[in-house]
Amino acid sequence: MPLPLPRSLMSTRTVVGLILLALAPAGVLSAQTEQPAAIDPTALVRRATQHRLDADQNHRPLRFLLRKTGEQHDTTKDIIETKDGDVARLVAINGSPLSAQANQAELDRLNTLANHPEIQEHRHMREQKDADRVNRMMRLLPDAFLYRFEDMVPCTGGQCYRLSFSLNPRFAPPDEEANIFRGMAGEVWIDQAQERLTRLDAHLISDVDFGWGVLGRLDKGGTILLEQADIGGHDWAITGMKVNLTGKALMVKSLRFQITEETSHFSPVPPDLDYRKAIQLLENSEPPGASDSAGKSQQP
């Protein structure tokens, strides 16, 4: 069930801890391989999708760290969600704190942002458009694929339904963006207790053309791994993503996306926090997990 990237991962965006299958008792495992009575995989996906959309309306703003690793860059940002949109401060490159010069450049950038609300307003509008696009794509998921129950698997917090998915031959993409669904297959895990997606493992089983092949193409063999978890209080967030895609833009320029994103150290912030107050927090307080890192560095 390929999920578009949620707001936090698109505008800025570890890992869902998986309990090893071997740790479960053999008798329990044999019982868990049988499909629960009366389960309808498509209906389960539809409920999980709706739960995500409903929860998004009540999402509490958070502060967290986002580490993004690509072929040439490894950056860590301290991010705060506000009613005016996300605000971020670069705090590390290649896992190391910024130099004095780079840190001052970040402070200068944040100061400029605080003095120019039109910049933040533009970013916020872009984030809202991204969120609307995500929700539109999410609503297509139950009908875009055929789902099959595989088994029950241990996952963080309990048990998950493991479903495989393949293209629904009756699915007609309503726009070019949704056309990517036509080339995807894979599996998805859904938390049994809360009926929320915990893991998506998708791959491209065929080339995917955009704009009848004129605008671009994604190559067969690309992969997307997405993980999310309950970070407390039944509030879910994307915790990890790995994307490995290749293709061409305008059938001329080669495209290559090899990106790993991890989010961690989530903590709530006041729901009425505005972006200027968030900037003050970013400037005057240590990033989440700073004390953990300091403690580790002091250990022999």
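Where a number appears in this text, it was derived from the coordinates with a stated rule and is not lab data. Here the structure is a predicted model, which means the values were calculated and not measured. Quick reminder, even Gly has a Cβ in these numbers, built from the backbone with ideal geometry, and neighbours come from all protein chains shown.
Annotations for the structure displayed:
- Calculated over the stretch 179-283: convex hull of Cα atoms, volume per residue (Å³): 162
- Counting only the Cα atoms, the stretch 121-166 fills a convex hull of 99 Å³ per residue.
- Nearby aspartates and glutamates by direct alpha-carbon distance to Lys129 (threshold 13 angstrom, same-chain neighbours under 8 apart not counted): Glu121
- Set Lys77/Lys220; Lys220/Lys253; Lys68/Lys277; Lys77/Lys277; Lys68/Lys248 screened for pairs whose C-alpha atoms are more than 27 Å apart: Lys77/Lys220
- Rounded to whole numbers, the Karplus 3J(HN,Hα) couplings from phi for the stretch 221-228 are x, x, 10, 9, 10, 10, 9, 9 Hz, using 6.51 cos²θ - 1.76 cosθ + 1.60 with θ = phi - 60°, and x at Gly and Pro.
- Extent along principal axes [Cα atoms of the stretch 147-225; Å; largest to smallest]: 46, 23, 18
- Mean projection area, nm², convex hull over Cα of the stretch 79-120: 3.2
- The residues neighbouring Arg60, those whose beta-carbon lies less than 12 Å from its own, together hold a net charge of -2 under the Lys/Arg +1, Asp/Glu -1 convention.
- Taking other Cβ atoms within 10 Å as a rough exposure proxy, Phe266, Phe145 sort from fewest to most as Phe266, Phe145.
- Mean Cβ count within 10 Å, highest first, over the residues of peptides 127-137, 225-235: 225-235, 127-137
- DSSP-assigned coil residues among trypsin sites (Lys or Arg not before Pro) in the stretch 39-125, each with at most 14 further Cβ atoms within 10 Å: Lys83
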